[in-house]
Amino acid sequence: MATTSVMGGSVRRREDPALIQGRGIYVDDLQPVGLLHIAFNRSPVARAKIKSLDTSAAKKLPGVIAVYTHDDVAHLGPLVAQVPIGKLRPLLAAGEVNHVGEAVAMVVAENRFQAQDAVDAIDVDYDILPAVIDLKKAASNEVKVHDELESNIIHTWTYHGYWAALGLEDLGPKVQAAKDRDDAVVVSLEMTNQRLIPVAIEPRSVMAEYNPGYSTFTVHSSTQVPHALSGAIATTFGMQANHVRVIAPEVGGGFGSKLNVYNDEILAAFAAKDLGRTVRWTETRREAAGSTIHGRGWIGTATLVGTKDGEFLGYELDAIADMGAYTQNFTVAIPLLGLWIASGQYKMPVSWKVDCVVTNTMTTDAYRGAGRPEAIYYLERVIDAFAHEIGMDPFEVRKKNFWQPDEFPAVMGCGFALDSGNYPAAVDKLIEVSDYQGLRQMQEKARAEGRLIGIGVGSYVEVCGFGPAVLAEIGFSWTSYGLPASFNGSGLVRVNPDATATVIIGTGPTGQSHETAWAQIVGDGLGIPMEDINVYHGDTRDHPMGIGTFGSRSIAVDGTATYQATQMVKEKAAAIAAHLLEASADDVVLADGAAHVAGSPEKSVSWKAIAKAAYQAHTLPEGVTSGLEAQSTFSPGNATWPFGTHLAVVEVDPDTGDVELLQYHAVDDCGNQVSPMIVNGQIQGGITQGIGQALFEDAIYDQEGNMLTSSLLDYILPTATDVPSYDLHHTVTPSDVNPLGVKGIGEAGTIGTAHTIVNAVVDALTPMGVKHVDMPLRPKRVWEAMQKARA
Amino acid sequence: MYSRSFEYVAPASLEEAFSALGDDSKVLAGGMSLIPLMKMRLFSPGTVVDIGRISGLDTVEDAGDHISIGALVRHATTATNDLIATHAAALGMAASLVGDVQVRNQGTTCGSLAHADVAADQPAAAIACRATMVAQSASGTREIGAESFFVDALTSALRSDEILVALKVPKAGPGEGSAYDKLGRRGGHSDYAVAGAAAWVKRSNGTVEDARIALTGVGTRAMLAEGAGQAIIGTDGSDAAINAAAERALEGVTVLEDLWGSVEYKGHLAKVFVARALKAALANAG
């Protein structure tokens, strides 16, 4: 047996040979005969009435098959959203536009160039209205974005009131009482957690085909949620669900941006049906800033109340979160993910209020971390400011207030229980591996030489592994898409007649290495070599119902379902082996690629013999059905709660404000690890995106609503040459929410990083009196902060 | 990201290229700037004349009193060529900081100069190194001094019927040295310049006898910082002299705000990088 199929082993990614040789198949690689191409005419203005829309010249251009506007698709209604609070997005602009990039007309042409020529030939006359961009102005309702909504504030989340059914206590009075204490130290920071543009290497792409003979859709899409898309199309077109097949082939990154059903996906299906031709739209990088959801976009004030000895007495957040113009999949629900971890790793009362406001910008929704990086950023920044205020070491102040290892499961004020944790252990390990004392000595020496060295630390706790069935009651389900209520996991394991195994799962990778990790789970359970196991995903026609890849949920939920299915197959294989060995199933041991009778290893049958027997009904014992496969679903009782603490060392150039990231150390705990190398890969990517937010990325709209950063020339992403090698370590505190003891690691790196970097830069500038600099910490911002402090 | 329709011509000689050039044409060398502009439909020439197949344009040559850098010399070559390192160190340093590895392997030094981006690295170095642009057309050849080559944002002194066939840089004599330094948009040296400066100096018997300093990123074009250049001449090149010269970096310069910095910040950076480039150039001059 190959030793590589052991769970917990660092194995090479099985996906890589295809992906790094360019042999992976993405939606835009497909070349069906007679394919037509879609391009969209998009609004160049943020808010306007459409006075006139003339497509006649475009329709006459060579190669143009059709041009559609709102009237053609009005009967399909607006785009379905899972949490429909706010205004739903019209499939094509309905007499008005509300953000730059909003789709106004859809062109279908013989090739992409002709389609773009036709887009340019569409004549739209706009009656421009004042745009609502600034979040405070939006919240003031000075100008309303949508006449039909009562207010620009479409929802408010509070810590105790977010889910009335829980009957939670309002901890606001406790926080207020703490503030009123004579010995209280109250530290407040007003901070921006800026809007980001998720940039997957593969832009979104959708290809739709309709067969009027069978009345079926086949839709290929670069999506994280093929089953949700399938349900949305069936719902929109009034079809039965099994007439819509959605396939997500290789998906080149998503980060939550493909956890959405988009109007272009519905429109591609519409055009395919209307024209009886296969059509495809592939997003261009330039249009992505107006066609794919954004993330983050909060402003707010965080306040920490504590004693001068470092005891936390309470935490308060008052924030405004930008929803953009239209509500899509989860939009308004994103801050709720942050609410659940508002108290971080700390035991203290929390008072939290986030107003969700609409603006004339692209919709916001889930972007790696989704609500959680924002929540942790506010908390961990103000903790750091508090530590500086009372002159206490940032590790010490955190350790003083952690939930202690013997307090788990720890029930927080928001009603949820942290499943497991050992927060001080992770901090102790970080202090050791980073040589923290040595770093502080180095910093002292450097400061004496006039150098600006900063050391920043930051902790986080994450909520992931969605999810518990109970969450369906507050919107975490696919019911709007006509699918079952709760976010179960699913997995099917089949041992084939030749003793190879086929595994079909309900979630698919956008880079997370499902094909490797799932082969490890099944290979470990059955004793079948990894190379004999194929893992399939992303086809709604015959794959088990899957919720999708998001919220760091795959391994904890679908991984567990697959583990359960593996155990079921193993039981059946033992029964068949017992029959072949003429022994009792209870005495059969499956190990090393064969089954033997306990105590008599010489009496064995191979997997090949068992598999062969399984498919020959006449050789099976009575009561055992033929075939060797099982499917399982898993509904977790709780989410999972990974955690960790990071440390960054930076140097700031006093002349230019340029920040150099010198070192980055991290200790993360995601419970048991199925595949440690993949875990580290996820952390590396996550940290890099956190660094992106801290130092580089900024989606900027001017006050007229023009998007100033729609190309990668202006929207700066971190690259491999911009970041140091990370020093990654782990503690392992298994979860008791699932039998694998796993938690999830897709987003943890991102959630743990941005505040760590900012804490480091502020630490570097503390001797000058700088208390905060808003992200991204571009040189100009840091220099301006230094200038202000010097003045 | 799909260009408008255009004619594509790939001549085998300069003569053929000249006959294909006209009012509505554009020369394609490495394509690192032209292709994205065309794909964004910000620029749509009727004819693209690809000079990539013309032989003899991809060399750096020793031409007696100067070196000549051909139209197809890639940034990667400029960054590593010994002749350039010896005689135009600032240009080599600037080329080494352009884009990323792929861009440096594909894009050309002359292409970058002809494109005249406000934040490109090599234009400032060309001005400081006293380079001359060799512009050739069917009607002949003219030589344009680098300081008057950059006219405005994305506008050079080249006519639409001309090709920038080479860049000439005087050979460095004893006591001469040059350097380039910048702050990149993604920090450090990475990406286009928020602001940058190139300096060339000639030192003799401990005195700075001559100097030329140029800026990039701060205005609509790469330009001479005449005040700073004048200020360092006649000094001993000490830190105090360098800082005094840097203070005059903005004389006659209009600084413009952009996404990467305010007028105040970019003006400040111009001084910082004039000082840093001068210091490095003086060190190079020995």
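Of note:
- nm² value of the averaged projected area, convex hull over the Cα atoms of segment A:652-755: 9.3 nm²
- Each of the peptides A:675-682, A:56-63, B:122-129 was scored by the mean count of other Cβ atoms within 10 Å over its residues; in descending order, highest first, they stand as B:122-129, A:675-682, A:56-63.
- Reach of B:Lys26 by Cα under 12 Å, taken over aspartates and glutamates that are not fewer than 8 positions away in the same chain: B:Glu7, B:Asp50, B:Asp161, B:Glu162
- Cross-link partners for A:Lys429 among the lysines, with Cα-Cα distance under 22 Å and sequence neighbours closer than 8 places in the same chain left out: A:Lys347, A:Lys399, A:Lys400, A:Lys743.
- Model label zone, A:Leu61; criterion: amide N under 16 Å from point 7 Å along Cα-to-beta-carbon; scope segment B:1-33: B:1-6
- Pairs from the list A:Lys136/A:Lys308; A:Lys179/A:Lys780; A:Lys308/A:Lys445 with a Cα-Cα gap above 30 Å: A:Lys136/A:Lys308; A:Lys179/A:Lys780.
- Rounded if a/c under 1.5, otherwise prolate or oblate - chain B, Cα gyration tensor axes: prolate
- With a Förster radius of 51 Å applied to the beta-carbon distance between A:Thr721 and A:Asp123, the computed FRET efficiency rounds to 0.70.
- Taken as Cα centroids, segment B:65-123 and segment A:1-75 sit 38 Å apart, rounded to the nearest whole angstrom.
- FRET efficiency for the pair B:Ser44 and B:Ala283, taken as 1/(1 + (r/R0)^6) with r the Cβ-Cβ distance and R0 = 41 Å, rounds to 0.30.
- Relative to the dominant Cα principal axis of chain B, helix B:263-285 is inclined by about 80°.
- Size-normalised alpha-carbon gyration radius of segment A:42-161, reference 2.2 N^0.38 Å: 1.27
- In nm, spacing of pseudo-spin labels at B:Ser238 and B:Glu16 (7 Å Cα→C-beta vector): 6.3 nm
- Computed over chain B with a Gaussian network model linking Cα atoms closer than 10 Å, the most mobile of B:Leu34, B:Leu167, B:Leu154 is B:Leu154.
- Reciprocal mean inverse distance between Cα atoms of segment B:48-174 - Kirkwood radius, Å: 14.3 Å
- Fraction of C-alpha pairs exceeding 62 angstrom in the protein assembly as shown: 13 percent, rounded to a whole number.
- Segment A:647-656 - phi-based ³J(HN,Hα) in whole Hz, Karplus 6.51/-1.76/1.60, Gly and Pro as x: 9, 10, 10, 10, 10, 9, 6, x, 7, 10
- Förster-model FRET efficiency, 41 Å R0, A:Met568 and A:Arg440, C-beta, rounded to 0.05: 0.15
- When trypsin sites (Lys or Arg not before Pro) are flagged only if DSSP places them in a loop and at most 16 other Cβ atoms lie within 10 Å, the longest unflagged stretch of chain B comes out as B:42-158.
- Point-to-point label distance, A:Glu311-A:Asp406, nm (Cα→Cβ direction, 7 Å offset): 1.9 nm
- Top of B:Gly252, B:Gly64, B:Gly237 by mean-square fluctuation, Gaussian network on chain B, Cα under 10 Å: B:Gly64
- For chain A, complete DSSP H runs whose alpha carbons reach 30 Å or more along their own long axis and whose mean Kyte-Doolittle score is -0.5 or higher are A:559-581.
- Coupling constants for segment B:100-117 follow from the phi torsions by the Karplus curve (6.51 cos²θ - 1.76 cosθ + 1.60, θ = phi - 60°), and in residue order they are 10, 4, 4, 5, 5, 7, 9, x, 10, 4, 5, x, 5, 5, 5, 5, 6, 5 Hz; glycine and proline get x.
- Residue-averaged 222 nm ellipticity for chain A, from DSSP H runs of 4+ at -39500 (n - 2.57), nearest 500: -8500 deg cm²/dmol
- Debye intensity ratio I(q)/I(0), log10, segment B:7-51, q values 0.26 Å⁻¹ (C-alpha model): -0.91
- Length released on extending from A:Ser215 to A:Lys137, taking residue separation times 0.36 nm less the Cα-Cα span: 23.2 nm
- 19 Å cut-off, amide nitrogen to a point 7 angstrom out along A:Val732 Cα→Cβ, residues in segment A:605-645: A:641-645
- Projecting label points 7 angstrom from Cα along Cα→Cβ for A:Gln240 and A:Asp542 puts them 1.9 nm apart.
- Length gained on full extension, A:Glu432 to A:Thr619: 61.2 nm, using 0.36 nm per residue less the C-alpha separation.
- Residues whose amide H lies under 5 Å from that of A:His772, counting only those 5 or more places away or on a different chain, are absent; hydrogens are built 1.01 Å from N in the peptide plane.
- Full extension of the chain between A:Leu30 and A:Leu275 yields a length gain of 86.3 nm, computed as 0.36 nm times the residue separation minus the alpha carbon distance.
Rule-based calculations on the coordinates, nothing more; no lab input. On a predicted model such as this, the values are computed, not experimentally measured, just so you know. For neighbour counting, all protein chains shown are included, and Cβ atoms are generated from backbone atoms with ideal geometry for every residue, glycine included.
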